[in-house]
Each structure stands twice: as structure tokens, then as C-alpha cells.
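Asks: Let me begin by handing over the structure; questions about it come next.
The values are calculated or read from the model by the stated rules, or taken from the named source; none is laboratory data. Computed from a prediction, not measured in an experiment: that's the story for all the values here. We place every Cβ from the backbone using ideal geometry, glycine too, and count neighbours over all the protein chains shown.
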Amino acid sequence: MKLRLLYHGHCFDGVASAATFTRFYNERIRPDAEVEYRALLHRPGTLFDLEMFDGDENAIVDFKYAASERLTWWFDHHESAFLTPADEAHFRADKSGQKFLDSTRKSCTEFIADVASSRFGFNAEPIKPLVQWAHIIDGALYESAAQCVELKGPALQLMQVIEADPDDDSKNSISRRSKPSGARPRSPVVWCSLTWSTKATKDSTSSFLTTSIRKPLTQLP
């Protein structure tokens, strides 16, 4: 069974949303699902092509709504979630219980974690550090101006890498990496990121946390 997961590319919250949804989906919906990823970027004209929805189920996180019958899951938190009134009407008429919007949320990662927990019994506690950092970064809720400018924190450095990814085509695939050699970094978020293929190729971004996110962040070896 294949899940196609589309997410907001070049964005910490978008990548973290994809990782969070992956863990939720594999734990509570379809443990046997193979997840394939594709990043989405804002561009003039049509944002979606029909061939994007090539999974048995198809999900979009942290990006605009697509009025396609092939779309089975959707999470977003942007006020500009709909390209047209027709798209919004399509969403409002949906009865699946698998499409969600809350424009009051600071991050989509946090929104997914909360909905998955309250409606589907997902335990989001193990990924609490990821959810917290997505909330801080996407909501610009930094402790100080210096924290934002200096970017000393590991998660903030990881944010820089994600936003600078040269993968313009945004075609991504999972890179299942083994545990890196040497001592484990103090930050669980950074340790998880080391499973991510950061090489500047067209299959880089989506593997961020998608392998190790299936384990509690505090219990990674």
C-alpha cells in the first residue's frame, strides 16, 4: 500500500509536518504503508498536477488545498489555504473526517500532532521536541532577537539547511541511513537529522526524520 505525501518544501514546519504525519499514519492508520514524498513550492499558475496524486492514498500537509477526489488527507494552518472559492467549497463539503484546517495555529506540525492525538489516539509525546521547535520557528516565537539572528541552536541550524536545500525540482525519496559513527549529539532533533541525506541532489529533503521519527526521540540508540 502506497501513501503519497506532499508537503511544503524549503520549510522547517513543512518537513516536520511530513515527519509527524508519517509517524502518525504508520502507527495509527496503516502500519504496512510505504510512504513516498514530494515537496511543493508556491509558484505562478497551477500548483498541482494530477500525476502528483499517484498513491493508494494521498496526503498534503502544510500547503494549500487541492480539490481532487484523489486527496484523502489534508492538514494546513494558513489563512490562504484555498486558491479559489470553489476549492474552499469542495473542502467544506468533504465528509471524510480526514481533512483539517485551523488558521489560528502557529505551526502545522503542532496542529497535526494535536488532531492525531485527540481524534485518532496517536501518542505525540515522543516527538514533543520536534513539535515545540516547529511551533517556535514557524511562529517566530524566539526567546530573543539574538536567538533568531545568531542561529546557534541545533534545530535552528537544521532550519537553515532545509531552507537552503537546492532541490528545485522537489522530487524526493526516502534515504534510509544507518546510525552515524561517533558520539551521539546532545540534541535528539539533531541526532535524528543525521539520518537525513543532505547531499545536494534531487532526492534529498524528504528523508528528514522519516526513518528515525518512528522511534521516540528520547529513546534513539
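Asks: Let me spell it out: the conditions are (1) more than 12 Å from the chain's Cα centre (by Cα); (2) closer than 24 Å to I137 by Cβ; (3) assigned to a helix (DSSP H, G or I); (4) not hydrophobic (A, V, I, L, M, F, W, C), and G14 meets all of them except one. Which number is the exception?
Replies: (1)
Asks: Just give me the residues in region 18-38 being under 16 Å from A124 (Cα atoms) and either of a type in the set (S, T, N, Q) or part of a loop (DSSP other than H, G, I, E, B) (or both), in sequence order.
Replies: To start, the set of residues in region 18-38 that are under 16 Å from A124 (Cα atoms) comprises 18-29.
Across region 18-38, the qualifying residues are T20, T22, N26.
Asks: Let me ask something else. For region 46-60, name all the residues that are aliphatic (A, V, I, L, M), in contact (Cβ under 8 Å) with a residue 40 or more places away in the chain and surrounded by fewer than 22 Cβ atoms within 10 Å (Cβ to Cβ). Even if it seems obvious, please write down each step before you answer.
Replies: Residues of region 46-60 that are aliphatic (A, V, I, L, M), as a first pass: 47, 50, 52, 59-60.
Still in the running and in contact (Cβ under 8 Å) with a residue 40 or more places away in the chain: 52, 59-60.
The one that is aliphatic (A, V, I, L, M), in contact (Cβ under 8 Å) with a residue 40 or more places away in the chain and surrounded by fewer than 22 Cβ atoms within 10 Å (Cβ to Cβ): M52.
Asks: Also: In region 6-55, which residue that is more than 22 Å from K106 (Cβ to Cβ) and of a type in the set (A, V, I, L, M, F, W, C) is modelled with the highest pLDDT?
Replies: Pass one, region 6-55, residues more than 22 Å from K106 (Cβ to Cβ): 25-38, 43-55.
When the remaining residues are screened for being of a type in the set (A, V, I, L, M, F, W, C), the result is 29, 33, 35, 47-48, 50, 52-53.
Values: I29: 97, A33: 92, V35: 89, L47: 67, F48: 71, L50: 75, M52: 87, F53: 90.
Looking at the filtered set, the residue picked out is I29.
Asks: Considering only region 61-107, state which residues are among the small types (G, A, S), within 15 Å of G14 (Cα to Cα) and surrounded by 20 or more Cβ atoms within 10 Å (Cβ to Cβ).
Replies: S107
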